[in-house]
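Every read-out reported here was derived from the displayed coordinates using simple, explicitly stated rules and does not represent laboratory data. Since the model is a prediction, treat every value here as computed from it, not as a measurement. No Cβ is skipped: glycine too gets one built from the backbone with ideal geometry, and neighbour counts run over all protein chains shown.
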Amino acid sequence: MNPFDIPIQALLGQLLIGLVNGSFYAMLSLGLAVIFGLLGIVNFAHGALYMMGAFGAWILMDRFGLNYWYALLLVPLMIGALGVVIERIFLKRLYKLDPLYGLLLTFGLALIAEGIFRDQYGVSGQSYNVPDALQGATDLGFMVLPNYRAWVVLASLSTCLGTWFVIERTRLGATLRAATENPQMVQAFGINVPVMVMLTYGAGAALAALAGVLAAPVIQVTPLMGSNIIIVVFAVVVIGGMGSILGSVLTGLALGLIEGLTRVIYPEASNIVVFVIMAIVLVLRPAGLFGKEH
Amino acid sequence: MRPATLFYIALLALAVLAPVLGLYPVFVMKLLCFAIFACAFNLLLGYTGLLSFGHAAYFGAAAYTTGYLVKTMHWTPEVAILGGMAFAAVSGLVVGAMAIRRQGIYFAMITLALAQLLYFLCLQLKLTGGEDGLQGVPRGNLFGVLSLASDTTMYYFVLALFVAVFLLIRRIVHSPFGQILKAIRENEPRAISLGYDVERYKLLAFVLSTSLAGLAGSLKTLVFGFATLSDVHWSMSGEVILMTLLGGVGTFFGPVLGAGIVVALQDNLADKVGSWVSVIIGAIFVVCVMAFRRGLVGEALAFFSKTRKPHNLLP
């Protein structure tokens, strides 16, 4: 298909979907980077936490009749608490070991979560309605912008920027970064590093769950959504490198857009374009775009 | 004679007699295929310290290649197996060359992502039959003369190849090349400062491991007569990690035992508990990582020889 024959509406529509997916990539890779920075663990369960976030929203609506806005608040808190429990029971005991063990453990946890949800809800998707306040679309003149999609992009970008601000510009963030560099020294200054580490994992889990709640109305909520996205997010993290927060956010958004663009120009390749870009980046810039090797 | 040698001889005798003893040959063949796969994976993780999270790609790529060569091109099985291994080796060379540019945890993520790339290719290409995969692949005649259609004949063919791979891996590990791999696993900067071209050794280990994983995939296609998407799926990569971890990373017999346990579990549980198989596999992962990182064989070895130093399983 000749790229100049594509109707501008279709192009903009796909780019918007790409931007929405990109915001999820950004939020998830941000959480991965924060967790990796402080815990030294690549959290394979991040996809499962995202999936549980989406299911959390769906279950709150289905069982308890609690609407989207409650879900947006409650689900990240609950999954964050679950993250704290996981950190206390499992991850805490792995910090002295090779980081590969953390990857294997969280992979096991992801399999458990996926298996339980698959047993309960099957693999066919559940649909979750767009909340009333965000239904409909706004005509921008050159394109029709569905309100919910605009909200997702706005909400996740503000979350990412908020996280960036907390980590890079506040006293808490400075302590966090110091603990990443030298935990013993920060501990010696009288800061309770283990509690900080625990809360960081909880916050990362909450971030993944928030992405899941935001995603619930625009995708099919299925137990497999977590493992599908986490592998793409790993590729995003390899491309961007886990050293820089803004770097991982930008990489996530850019790859979402490229994926959207590919879906217009050559749909067959839209599944693989991120992996191909990863391969190209590895050849040209082995350390990643914003990366510093650990 | 050393106890280990006696143990292996007894086990081999049992394997040779298995069809007579009434063990279901297809089950034992499946076990042996996965044992080859896990041994190949262990060569990389256990003796070189590289965790590939995408080994299903080579297993599956070879499974598809062999299936295609036998079914469509009517090649004889031994040549088709070599074709599958060659394809796995070339894919391993390409992926390995990219992945070893990054260390540790990134290596795992890169191999996983590139394996997913292959998965989508198998899903979308016409050549691989999309969702259906390649069905009805005949076993053919070995060297054009010996028909493998009988399960017993096929069984001895698979067993012979398994023994060959097991001995080959022992030979590799005990060779000077294998010693250098272990030196890299223990301390990469030291190996570099001793003048070894570490990247080339890692790449060669990666290609060896992927070709043997390919052999496992090719054999699996011939045994069952099909190659499907589950052969290239990431969960297959997870399974081979589990087999190796459960049996014992960096032990010779561990991966074989691990493959036996996981295959037996799946065969017995799949129709009874449905999705809980994935929960059980996940739980075994968690228990292995938390409680016995040396795996069953590793723990047993440590128990029987208290004087042995607890060895480092991962770098």
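Below, the figures for the structure above:
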| item | result |
| --- | --- |
| Computed over the protein assembly as shown, Kirkwood Rh from alpha-carbon pairs, angstrom | 25.4 |
| Proximal aspartates and glutamates to B:K182, defined as alpha-carbon separation beneath 19 angstrom and excluding residues fewer than eight positions away on the same chain | A:D98, B:D197, B:E199 |
| Amide hydrogen neighbours beyond the local backbone of A:N67, cut-off 5 Å, H modeled | none |
| Neighbour-count ranking [beta-carbon atoms within 10 angstrom, fewest first] of A:M196, B:M85 | A:M196, B:M85 |
| Over the stretch A:61-147 - Rg/Rh using Cα atoms and the Kirkwood inverse-distance radius | 1.14 |
| Viscosity 1.002 mPa s, temperature 20 °C, Stokes-Einstein D of the stretch B:24-233 from Kirkwood C-alpha radius, µm²/s | 124 |
| Kirkwood hydrodynamic radius over Cα pairs of chain A, then Stokes diffusion coefficient at 4 °C and 1.567 mPa s, in µm²/s | 66 |
| Among A:L60, A:L134, A:L19: highest mean-square fluctuation, GNM of chain A, C-alpha pairs under 10 Å | A:L134 |
| Long-range HN-HN contacts of B:L50 with modeled amide H, under 5 Å | B:L45 |
| In Hz, Karplus ³J(HN,Hα) per residue of the stretch A:142-155 (6.51, -1.76, 1.60; θ = phi - 60°; x = Gly, Pro) | 8, 7, 9, 9, x, 4, 5, 5, 4, 4, 4, 4, 4, 5 |
| The stretch A:268-278 - phi-based ³J(HN,Hα) in whole Hz, Karplus 6.51/-1.76/1.60, Gly and Pro as x | 4, 8, 5, 5, 10, 4, 5, 5, 5, 4, 4 |
| Calculated [θ] (222 nm, deg cm²/dmol) that DSSP helices of n ≥ 4 give over chain A, each run adding -39,500 (n - 2.57) | -24000 deg cm²/dmol |
| Vicinal HN-Hα couplings computed from phi for the stretch B:107-124 (Karplus, 6.51 cos²θ - 1.76 cosθ + 1.60; Hz; Gly/Pro x) | 4, 4, 5, 5, 5, 5, 5, 5, 5, 5, 4, 5, 4, 5, 4, 5, 5, 9 |
| Cleavage-rule hits (GluC sites (Glu not before Pro)) in the stretch A:206-294: DSSP loop, at most 15 neighbouring Cβ within 10 angstrom | A:E293 |
| Loop-located trypsin sites (Lys or Arg not before Pro) in the stretch B:78-167, at most 12 other Cβ atoms within 10 Å (DSSP) | B:K126 |
| Cα-based reach from A:K92 at 20 Å (exclusive), listing aspartates and glutamates while leaving out same-chain residues under 8 positions away | A:E181 |
| Reach of B:K126 by Cα under 14 Å, taken over aspartates and glutamates that are not fewer than 8 positions away in the same chain | A:E268 |
| Residue-averaged 222 nm ellipticity for chain B, from DSSP H runs of 4+ at -39500 (n - 2.57), nearest 500 | -24500 deg cm²/dmol |
| For A:A137, distant residues with modelled amide H under 5 Å away | A:N147 |
| GNM result for chain A, Cα springs below 10 Å: residue of A:N21, A:N67, A:N182 fluctuating most strongly | A:N182 |
| Gaussian network model of chain B, springs between alpha carbon atoms under 10 Å - residue of B:G136, B:G298, B:G60 with greatest fluctuation | B:G136 |
| Neighbour cut-off at most 12 other Cβ (10 Å), DSSP loop, chymotrypsin sites (Phe, Trp or Tyr not before Pro), the stretch A:129-172 | A:F142 |
| Electrostatic dipole magnitude of the stretch B:24-233 [Cβ: Lys, Arg +1; Asp, Glu -1; Cα centre; debye, to 20] | 340 |
